[in-house]
Amino acid sequence: YDCPEKYVEGLYRCGVGIPLNLPLAGSANPRVKHPKKNKNLWWRTSLPWMSIGYETQLPPIATLTFYNAIANGGKMVKPRFVSAVKKNGETLYEYPVEVLREQICSPSTLADIQEMLELVVSKGLGKKAGSKDFKVSGKTGTAQVSQGAGGYKSGKTKYLISFCGYYPSEEPQYS
């Protein structure tokens, strides 16, 4: 509480909130506010709200990139939509894998996270994302959505639900 910048810097160290700079029209970079860089937007409640996912803006592709790093043994790579451009069988241009973080966390922390994500699907709220044929790992999310000028206290409550994950848990191939 006395040093909120340590929390935010920890997010950046593990790759959460770093710019992806994707070559797609309209793509947005994540926004994770920093108590020293965004002083006019930092409140006493910012840190507790950030700890449960509020007060940040992460495009779905940024969340997926983080989960892919977990599935990929801790290595975070920039999303790639095309690996090469070919014409008549000849490669005109290749898009190499771009590593953003070699390791997002320690191997023991990664193992704990992978186990927790598998348990969310096998025993927790993510059961509907599971399969009887293979193990799925992931995490559910719920966000309360502001009702425009009425804010959060308009009398109507709306929620945005999400799920991000990968499978098969043991040797991930899909996310």
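The values are calculated or read from the model by the stated rules, or taken from the named source; none is laboratory data. Note that the structure is predicted; figures quoted are calculated from it, not measured. Quick reminder, even Gly has a Cβ in these numbers, built from the backbone with ideal geometry, and neighbours come from all protein chains shown. When the accessible area is computed, the model is the full protein with side chains, heavy atoms only, and any ligands, DNA or RNA have been set aside. Shrake-Rupley method; radii C 1.70, N 1.55, O 1.52, S 1.80 Å.
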Taking a 25 Å limit on the Cα-Cα distance, which of the listed pairs K135/K158; K6/K158; K75/K139 fall beyond it?
K135/K158; K6/K158
Multiply the residue separation of K132 and Y174 by 0.36 nm, subtract the distance between their alpha-carbon atoms, and state the gained length in nm to one decimal.
13.5 nm
Compute the distance in nm between two label points, each set 7 Å from the Cα along the Cα-to-Cβ direction, one at E102 and one at L119.
3.1
Would you pull out the residues with amide H under 5 Å of L58's amide H, same chain only if 5 or more places away, H placed 1.01 Å from N?
R31
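Could you give the size of the charge dipole of region 48-148 about its Cα centre, using +1 on the Cβ of each K and R and -1 on the Cβ of each D and E, expressed in debye and rounded to the nearest 20? All intermediate terms of the calculation are to be shown ahead of the outcome.
Numbers: 12 positive and 9 negative charges, 67 e Å.
The dipole of region 48-148 has a size of about 320 debye.
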Quick calc, Y7 & Y93: beta-carbon distance into FRET formula, R0 41 Å, rounding 0.05, result 0.50
Given a 1.4 Å probe and every protein chain left where it sits, what share in percent of the accessible area of the chain is carbon and sulfur?
54
Quickly estimate the mean residue ellipticity at 222 nm for the chain, helices only: each DSSP H run with n ≥ 4 gives -39500 (n - 2.57), and the total goes over all residues, rounded to 500.
-7500 deg cm²/dmol
Check which residues have an amide H placed less than 5 Å from C164's amide H, if you skip close sequence neighbours.
K139
For K86, which aspartates and glutamates qualify as cross-link partners when the Cα separation must be under 16 Å and same-chain residues fewer than eight apart are set aside?
E94
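Normalising by the residue count of region 51-172, find the relative contact order in percent from Cα pairs under 8 Å and 6+ residues apart.
With pairs under 8 Å counted, the relative contact order is 21 percent.
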Per residue accessible area in Å² of the chain, where ligands, DNA and RNA are left out and the probe is 1.4 Å
70
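L64 to T157: extension gain in nm, 0.36 nm per residue of separation minus the Cα-Cα distance? Could the numbers behind the result be given before it?
Details: separation 93, 0.36 × 93 = 33.48 nm, distance 2.69 nm.
Result for the pair: 30.8 nm of gain on full extension.
Quickly rank 39-46, 57-64 as a protection proxy: mean count of other C-beta atoms within 10 Å, highest first.
Per-residue mean Cβ counts within 10 Å order the peptides as 57-64, 39-46.
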Under a straight-distance cross-link criterion of Cα-Cα below 14 Å, which aspartates and glutamates are reachable from K37, leaving out those fewer than 8 residues away in the same chain?
E5, E9
Rounded to whole Hz and in sequence order, give me ³J(HN,Hα) for region 155-164 from the Karplus expression 6.51 cos²θ - 1.76 cosθ + 1.60, θ = phi - 60°, writing x for Gly and Pro.
x, 10, 10, 10, 10, 10, 10, 8, 8, 9
Using a 1.4 angstrom probe and counting only protein chains, how large is the accessible area of I104 in Å², to 10?
10
With Cβ to Cβ distances under 15 Å as the rule, what net charge do the other residues near L58 carry (K, R +1; D, E -1)?
+2
Local electrostatic count, C3, Cβ distance below 12 Å [Lys/Arg +1, Asp/Glu -1]:
-1
Radius 12 Å from Cβ of W43, net charge of other residues (Lys, Arg +1; Asp, Glu -1):
+2
Nearest-20 debye value, the chain charge dipole, Cβ charges on Lys, Arg, Asp, Glu:
760
Rounded to the nearest 10 Å², the accessible area of Y167 using a 1.4 Å probe with every protein chain kept is 80
Given the protein chains as shown and a 1.4 Å probe, how many square angstrom of E170 are accessible, to the nearest 10?
120
Residue among W43, V99, I113 farthest towards the positive dipole end of region 23-137, charges placed on Cβ:
W43
